[in-house]
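**Q** Below are the structure tokens for one structure; questions will follow.
Any read-out appearing in this document is the output of simple, stated calculations on the displayed coordinates, not a laboratory observation. As the structure is a computational prediction, the values presented were derived from the model and not from experiment. Cβ coordinates were reconstructed from backbone atoms using ideal geometry, including for glycine residues, and neighbour counts include every protein chain displayed.
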Amino acid sequence: MFKQKFWLSLLLTIPTLIFSPMVQSWFGVHLAFAGSEYIPAVFGIIIFFYGGLVFLKSAKAELAARQPGMMTLISMAITVAFIYSSLVTLKLVSGMDFWWELATLVTIMLLGHWLEMASVESAQGALNELAKLLPDEAELVEHGESHKVSVSQLKVGDTVLVRPGAQVPVDGKVIKGESEVNESMLTGESRPVKKIVGAEVIGGTINANGALTIEVTKVGGDTALAGIMKLVEDAQTSKSKTQVLADKAAFYLTFVALGAALLTWIGWWIAGASAGFIFERVVTVLVIACPHALGLAIPLVTAISTTLAAKNGLLVRERMALESARNIDVVLFDKTGTLTKGEQGVVDILAKDKGRTLSLAAALERESEHPIAKAIFQYAHGQKVPETHATDFSALSGRGVRAKAGGKMVYVGGPRL
């Protein structure tokens, strides 16, 4: 919404500035034709109702809550400029119109709110990515038979079957079976976690090579993944110290602006100035009291920091915490061994013929869904080793795999092989 409003308001602001008598006087130019004096008024009115209405509605909410802030300041400035400029254009009062000021103020504030909303949408994108971790359907076990149902239909106590390679639909406890589960998307641990009867499993993780029957222990908003999504949502609504300070400044500035306008009126009235002259000065004070830079700088900082955090995989629980991060000198990582990328990889090959060994291993691991098998195959593909054709493939449960390659039986596996 703000993006569209900004671009249209900017398009109308340009001719408003060009044909504004004050702006022309700054540059010593004079551009005019029949009716050109009404261009700033026409475009200014459109900008006020099209782009400024959203600020007026927000100001109404602030005043209803008895918390005047930035929206109140903006609304006061553009409303005063609109009324006074309309009176000047209709020649009901003499003076200088503020259509150009109204247009630029609305356009700049729309830009600030567009940037702020963009950062919120970026965080919303992170929420959508988290939501994609959960499958749409689960395999519910009832009376010894399984059938697919929507995940939203599951309830605590239900029994669910998770086949090899499938995603765990909800949080639960293993009541039958044994397997390894890839939890890297939630914990960052690259090594699959072994699950036996009694072990807890988390919705959104991926089952590896064994079938698991689990009892549902948490559903909906009680799951671990839902908790993470709630943290992201809370971060969107939280405010940094700078934003809180800006809100306080806007609150007090509202009264300062009104007080300054009142003093201006009294001062010029005592000095014996005309009503039109006093009116013009009071309007000027109220218009320039709106902090253009404050309305743009805070959303801009918020947008940049939130976007950079999202791109680097940082989950921001509170914006105040992100703001305080500038004072960090030392970072301590509590990890079991090393920091990982959340995926397996090949570090080195110990063999007389490394190329041949890697080629044979990749031939056997090509069709496997195991994370280590995928890592070996991807490494071999990256090293561009010669492909070896494997036949008579078979899995050795808990130990590895075997197949015929190059006329010989080849085994690939772990220490238990």
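**Q** Compute the angle between helix 275-288 and the longest alpha-carbon principal axis of the chain, please, reported from 0 to 90 degrees and rounded to the nearest 10.
**A** Helix 275-288 and the main axis of the chain meet at about 10 degrees.
**Q** Compute the helix-to-body angle for 39-50: its Cα long axis versus the longest principal axis of the chain, expressed 0 to 90° and rounded to tens.
**A** Relative to the chain, helix 39-50 is tipped by roughly 50 degrees.
**Q** Run a plain Debye calculation on the stretch 1-80 (Cα atoms as equal point scatterers, no solvent) and give log10 I(q)/I(0) at q = 0.16, 0.26 Å⁻¹, rounded to two decimals, same order as the q list.
**A** -0.70, -1.15
**Q** Can you give me the long-range amide H partners of E180? Hydrogens built in the peptide plane at 1.01 Å from N, cutoff under 5 Å, separation of 5 or more residues or another chain.
**A** K195, A208, N209, G210
**Q** So how far apart, in nm, are the two label points at Y38 and Y252 if each is 7 Å from Cα heading toward Cβ?
**A** With each label point 7 Å from Cα toward Cβ, the separation is 4.7 nm.
**Q** What do you get for Rg/Rh over the stretch 365-417 if you use C-alpha atoms and the Kirkwood form of Rh? Don't skip to the answer; put the middle values down first.
**A** Values: Rg = 11.2 Å, Rh = 11.7 Å.
Taking Rg over the Kirkwood Rh, I get 0.95.
**Q** So what's the gap between the Cα centers of the stretch 154-220 and the stretch 58-122, to the nearest angstrom?
**A** Each part reduced to its Cα centre gives a spacing of 54 Å.
**Q** I need the calculated FRET efficiency for the pair V197 and Q383, taking r as the beta carbon distance and R₀ as 35 Å, to the nearest 0.05. Show your work: numbers first, answer last.
**A** Details: r = 41 Å, r/R0 = 1.16.
According to the calculation, E is roughly 0.30.
**Q** Roughly how tilted is helix 241-270, in degrees to the nearest 10 and between 0 and 90, from the longest Cα axis of the chain?
**A** Tilt relative to the chain: about 0 degrees.
**Q** If R₀ is 41 angstrom, what is the calculated FRET efficiency for the pair I18 and L53, using the beta carbon separation as r and rounding to 0.05?
**A** Numbers: r = 25 Å, r/R0 = 0.60.
The value I calculate is 0.95.
**Q** Per DSSP helix of 4 or more residues, -39500 (n - 2.57); summed, then divided by the residues of the chain. What does that give at 222 nm, rounded to the nearest 500? Spell out each step's value before the answer.
**A** Working: 14 runs with 214 residues, N = 417.
Calculated from helices alone, the mean residue ellipticity at 222 nm is -17000 deg cm²/dmol.
**Q** Further question: Report P(r) for the stretch 137-225: all Cα-Cα distances, bin width 10 Å, range 0 to the bin holding the largest distance, values in whole percent.
**A** Values per bin, smallest distances first: 19, 56, 23, 1.
**Q** For the chain, what are the per-bin percents of Cα-Cα distances with bins 20 Å wide, up to the bin holding the maximum?
**A** So the P(r) values, bin by bin, are 19, 34, 24, 18, 5, 0.
**Q** Can you give the FRET efficiency for N327 and A224, using 1/(1 + (r/R0)^6), R0 = 30 Å, r = Cβ-Cβ distance, to the nearest 0.05?
**A** Numbers: r = 31 Å, r/R0 = 1.02.
In this case the efficiency is close to 0.45.
**Q** Taking chymotrypsin sites (Phe, Trp or Tyr not before Pro) as exposed when DSSP calls them loop (any state but H, G, I, E, B) and at most 12 other Cβ atoms lie within 10 Å, what is the longest stretch of the chain free of them, the sites themselves excluded?
**A** Numbers: sites that count: F33, F333.
Longest gap between qualifying sites, sites excluded: 34-332.
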